[in-house]
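Accompanying notes for the structure given below.
The values are calculated or read from the model by the stated rules, or taken from the named source; none is laboratory data. Please read these numbers as outputs of a predicted model, since none were measured by experiment. Please note: Cβ atoms are built from the backbone with ideal geometry, for glycine as well, and neighbour counts cover all protein chains shown. These accessible areas exclude ligands, DNA and RNA; they are computed on the full protein's heavy atoms, side chains included. Shrake-Rupley method; radii C 1.70, N 1.55, O 1.52, S 1.80 Å.
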Amino acid sequence: MKLFRKGPFLAAVALTTLVALYFAFVAQRAVWFLQSTSVTGKALGAALIVLPLIGVWYLANEWRLGATVQAMANRLDAQDRLPLHDGARTASGRLTDEAAQAVYEVAARGVEEAPNDWAAWFHLGFAYDAAGERALARTSLRHAADLY
């Protein structure tokens with residue numbers, strides 16, 4: 001089973017392209033300010049050049065995380081260990097609060113039993129996602145990627 005989905009990937013590529021164009025525009029303005037004769041212009045140019053650099057660093061880290069999460073998912077899929085969340089669902093298809101809590105408790109127990117296991121943290125990340133806790137899901141997946 002291949003987990004890669006084309007639609008979200010193309011959306012990420014399109015958004016990254018737009019952001020990269022924006023960074024290029026800001027960097028161009030920064031160079032323009034740096035070439036000015038005033039101290040204020042040079043200071044503004046120096047400040048502006050930092051923003052695209054931070055943005056490129058952030059984008060590179062996000063793409064690296066995405067590739068690592070995909071590699072982890074492919075590995076778990078090959079081992080038939082992907083997190084499958086069974087339980088009662090709402091009309092929209094999301095797990096009910098009670099079912100999401102049960103999924104979380106199982107995943108949290110897995111992390112308690114094996115705190116250095118990347119797969120346990122991967123499962124916890126998807127349990128948080130099922131519970132609607134996106135920030136905690138990303139934190140758990142980042143930790144899983146670090147352990148991977």
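The set of residues in the range 81-104 that are acidic (Asp, Glu) and open to solvent by less than 60 Å² (accessible area, probe 1.4 Å) is empty. Exactly one of these conditions fails for ARG109: (1) modelled with pLDDT under 90; (2) open to solvent by 90 Å² or more (accessible area, probe 1.4 Å). Give me its number. Among (1) modelled with pLDDT under 90; (2) open to solvent by 90 Å² or more (accessible area, probe 1.4 Å), ARG109 violates only (1). Looking at ASN116, ASN61, just one residue is modelled with pLDDT of 90 or more and under 30 Å from ARG29 (Cα atoms), and that residue is ASN61. Within the option set LEU34, LEU44, LEU21, being open to solvent by 50 Å² or more (accessible area, probe 1.4 Å) and in contact with a Phe, Trp or Tyr (Cβ under 6 Å, 6 or more places away or on another chain) holds for one residue only, LEU44.
Would you confirm, using the coordinates I've provided, whether VAL50 is within 29 Å of PHE23 (Cα to Cα), open to solvent by 60 Å² or more (accessible area, probe 1.4 Å) and modelled with pLDDT under 90? Spell out how you get there, then give the answer.
On the way: within 29 Å of PHE23 (Cα to Cα): yes; open to solvent by 60 Å² or more (accessible area, probe 1.4 Å): yes; modelled with pLDDT under 90: yes.
In short, yes.
All conditions but one from (1) of a type in the set (Lys, Arg); (2) in contact (Cβ under 8 Å) with a residue 12 or more places away in the chain; (3) closer than 20 Å to ALA144 by Cβ apply to ARG94; the one that does not is (3). Across the range 1-18, the number of residues qualifying as within 30 Å of ASP77 (Cβ to Cβ), hydrophobic (A, V, I, L, M, F, W, C) and assigned to a helix (DSSP H, G or I) comes to 7.
Here is the figure for the range 61-108: residues that are under 17 Å from ALA137 (Cβ atoms) and either under 19 Å from the mean Cα position of the chain (by Cα) or basic (Lys, Arg) (or both) total 13. The helices (runs of 4 or more DSSP H) located wholly in the range 33-140 that include 3 or more residues which are β-branched (Val, Ile, Thr) occupy 39-78, 97-113.
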